[in-house]
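**Student:** Got a structure here, written out as structure tokens. Questions coming.
Values in this text are rule-based calculations from the coordinates and carry no lab data. Just so you know, these numbers come straight off a predicted model, no measurement behind them. Every residue, glycine as well, gets a Cβ built from its backbone with ideal geometry; the counts of neighbours run over all protein chains shown.
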Amino acid sequence: MPASAFLEIGVYFLLILALTRPVGVYLRRVFAGERTLLDPVLGPLERLVYRVAGVDPRKEQGWKGYATAILVFSVAGVLGVYAVERLQALLPLDPDRLPAVPPVLAWSTAVSFVTNTNWQAYSGEATMSYLTQMAALALHNFLSAATGIAVAVAVIRGIARAEAKTIGSFWVDLTRATLYVLLPISFVSAVVLMSQGVVQSFAPAAKVTTLSGAAQTIPLGPVASQEAIKELGTNGGGFFNANSSHPYENPSPATNLLEMLLIFAVPAGLTHTLGSMTGKPRHGWAVFWAMSLLFLAGAGVCARAETRGNPIHQALGVDAAAGNMEGKEVRFGPVDTALFATVTTDASCGAVNGMHDSFTPLGGLVPLVNIQLGEVVFGGVGAGLYGIFVFVVLAVFIAGLMVGRTPEYLGKKVEGGEVKLAMLSVLVPTFCILVGSAAAVVSKAGLSSLANAGPHGLSEALYAFTSAAGNNGSAFAGLNANTGFYDVLLALAMFAGRFLVIVPILGMAGSLAAKKRLAESAGTFPVDGPLFTFLLAGVIVVVGALTFFPVLSLGPAVEQLLMAAGRTF
């Protein structure tokens with residue numbers, strides 16, 4: 001791997017490290033109800049929202065009430081998005097006169113955006129009107145991201161409180177996450193993106209004639225406003241089918257860096273918020289460094305695989321100096337593309353600046369494994385923090401078994417109920433991934449959509465269900481997912497991967513909030529040092545490896561061995 005690759009990955013990581021504390025401090029102030037610089041402007045708007053919605057901001061909810069509010073809000077969101085998609089031909093802001101979205105595709109897309117997955121089985125510029133993109137899809141880029149942040153903050157409260165019956169108000173957390181976090185950062189980021197060439201327009205697609213005399217249609221639209229929240233909210237749904245490899249979404253290396261920073265900014269900051277709100281800042285940093293170890297390992301492996309090139313091409317005399325450029329934009333090259341792929345799949349984002357289907361087998365293995373680990377390597381906004389909370393519980397449980405005493409986490413006993421809920425939240429996505437992939441490769445309906453046979457075809461189907469259950473949204477693009485089979489099964493996986501994970505985690509938070517806090521003793525396992533950092537990272541890797549190693553061996557691993565031998569399937 002060239003020295004420049006180490007430099008690019010290192011600079012990006014140092015920028016994230018520099019952002020972690022200030023973002024984390026700001027998030028703590030927002031959700032603790034403390035005054036911020038934005039209060040004079042947003043405070044009156046926040047109070048107006050509460051009055052209109054009939055919400056008493058002083059009234060908190062137990063974990064069951066919190067979970068019920070999320071489910072009701074999300075089901076209403078699915079119905080709203082579906083209605084806009086089906087009626088878009090009758091609604092304004094449709095200069096290209098697009099027809100209504102077909103029913104099954106509309107339903108799958110509605111579930112996708114409400115669950116923060118943003119899986120797209122369609123070409124955005126040819127399927128969705130400007131109004132649908134803004135009022136349905138981009139709206140839920142904000143609301144689904146705010147829901148994830150709200151759950152993370154509720155979990156932190158559950159850890160921090162003792163002998164408490166409530167973990168906060170979902171409606172207040174949702175409102176504050178949207179108004180004080182997502183909207184202002186997205187507004188500034190959208191302006192910066194526009195200054196760099198990202199399109200923001202309501203004009204219809206431009207009709208031009210090329211120098212060769214051919215007619216060409218160039219799609220336009222309100223892209224910058226959606227691009228900003230797409231990255232900041234770790235949503236990933238592109239305005240255009242080419243996503244962040246499209247020059248109107250991501251014109252230059254500068255915008256590429258900004259978009260990657262937006263993806264990790266809030267998830268990294270939440271680790272500091274965890275330490276600050278629980279009064280254990282060193283624990284927050286221990287979690288941060290566990291995430292960082294896994295991120296740097298994945299980025300290094302992916303970049304090395306893509307910069308080395310394809311040995312089959314090299315045997316044919318193709319110069320490998322540029323690395324594996326298949327499926328990549330020349331604006332970014334193999335290193336920036338590998339780094340973007342690692343970042344977007346460490347988070348539950350799904351935005352791409354290159355086609356993962358065209359990566360080398362080992363390079364494509366990294367984003368696939370990142371999602372299968374639970375997308376807890378920083379993870380999505382909120383989702384990464386509450387996801388790694390599950391592995392923290394498992395780590396302290398394992399540590400307790402090693403020394404033969406009841407495990408404790410920040411002064412709370414971790415008992416059978418919490419461990420069962422933790423395992424449930426791990427097993428639900430696993431079930432969706434493995435059962436869904438098996439159904440795809442043994443049925444005509446599943447196999448008919450694959451662009452490749454053999455191990456790469458298995459990887460395409462496996463990636464689809466992994467991405468859906470992990471609420472990521474990226475894809476091995478060789479798969480045609482716009483069929484009844486995939487629209488239905490992937491929608492079910494997206495819904496289960498979001499809400500059947502959130503509900504058990506909220507149950508864990510509620511259980512911990514109700515417990516008494518115990519004084520630390522000589523037998524208490526410390527969760528704020530290097531030992532815990534390595535144990536946490538190890539538990540994440542071991543759980544993922546034990547679960548998915550067999551299917552990965554049949555897919556990317558076999559393909560890598562074939563490629564190394566100069567053979568194809």
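**Student:** Cα to Cα, under 14 Å, and not fewer than 8 places away if on the same chain: which aspartates and glutamates meet these conditions relative to LYS328?
**Tutor:** GLU306, ASP336, ASP357
**Student:** Sticking with this one: Strictly over 21 Å apart at the Cα level, which of LYS64/LYS230; LYS280/LYS413; LYS59/LYS165; LYS280/LYS412; LYS230/LYS280; LYS64/LYS280 would you flag in this model? Before the final figure, lay out each step's value.
**Tutor:** Numbers: LYS64/LYS230 30 Å; LYS280/LYS413 17 Å; LYS59/LYS165 12 Å; LYS280/LYS412 14 Å; LYS230/LYS280 32 Å; LYS64/LYS280 27 Å.
Those over the limit are LYS64/LYS230; LYS230/LYS280; LYS64/LYS280.
**Student:** Give me SER292, SER108 sorted ascending by neighbouring Cβ count inside 10 Å, so fewest comes first.
**Tutor:** Ranking SER292, SER108 by Cβ neighbours within 10 Å, fewest first, gives SER292, SER108.
**Student:** Can you sort TRP289, TRP171, TRP119 from fewest to most other Cβ atoms within 10 Å of each residue's own Cβ?
**Tutor:** Working: TRP289 18, TRP171 21, TRP119 29.
Exposure proxy ranking, most exposed first: TRP289, TRP171, TRP119.
**Student:** What's log10 of I(q)/I(0) for the range 463-542 at q = 0.12 Å⁻¹, Debye sum over Cα points only, no solvent?
**Tutor:** For the requested q values the scattering log ratios are -0.62.
**Student:** Order of ASP319, ASP528 from fewest to most other C-beta atoms within 10 Å?
**Tutor:** With the sparsest Cβ surroundings first, the list reads ASP319, ASP528.
**Student:** List every residue whose amide H lies under 5 Å from the amide H of GLU408, counting only residues 5 or more places away in sequence or on a different chain, with H placed 1.01 Å from N in the peptide plane.
**Tutor:** Here the answer is VAL414, PHE525, since their amide H atoms fall under 5 Å of that of GLU408.
**Student:** Got the relative contact order for the range 427-477 handy, in percent, Cα pairs under 8 Å and 6 or more residues apart?
**Tutor:** Worked out over the range 427-477, it gives 39 percent.
**Student:** Run down the aspartates and glutamates and flag those whose C-alpha is under 19 Å from the C-alpha of LYS516, throwing out any fewer than 8 positions away in its chain.
**Tutor:** List returned: GLU163, GLU408, GLU415, GLU418.
**Student:** Let me ask something additional. Averaging the inverse of every distinct alpha carbon separation and then flipping it gives the Kirkwood radius. What is it for the chain, in angstrom units?
**Tutor:** 23.9 Å is the Kirkwood radius here.
**Student:** Give, as a single signed number, the net charge of other residues whose beta carbon lies under 15 Å from the beta carbon of SER448, with Lys and Arg counted +1 and Asp and Glu -1. Mind showing how you got there, number by number?
**Tutor:** Values: positive: LYS444; negative: GLU460, ASP487.
Result for the neighbourhood of SER448: -1.
**Student:** Can you give the charge dipole size of the chain about its Cα centre, rounded to the nearest 20 debye, using +1 on the beta carbon of Lys and Arg and -1 on the beta carbon of Asp and Glu?
**Tutor:** Its charge dipole is roughly 1600 debye.
**Student:** Once each part is reduced to its C-alpha centroid, what is the distance from the range 237-310 to the range 483-536 in angstrom?
**Tutor:** If you average the Cα positions of each part, the centres end up 21 Å apart.
**Student:** With the contact rule set at Cα under 8 Å and sequence spacing of 6 or more, what percent relative contact order holds for the chain? Intermediate values should be presented prior to the final figure.
**Tutor:** On the way: 1047 pairs, mean separation 109.0, N = 569.
Dividing the mean separation by the residue count of the chain yields 19 percent.
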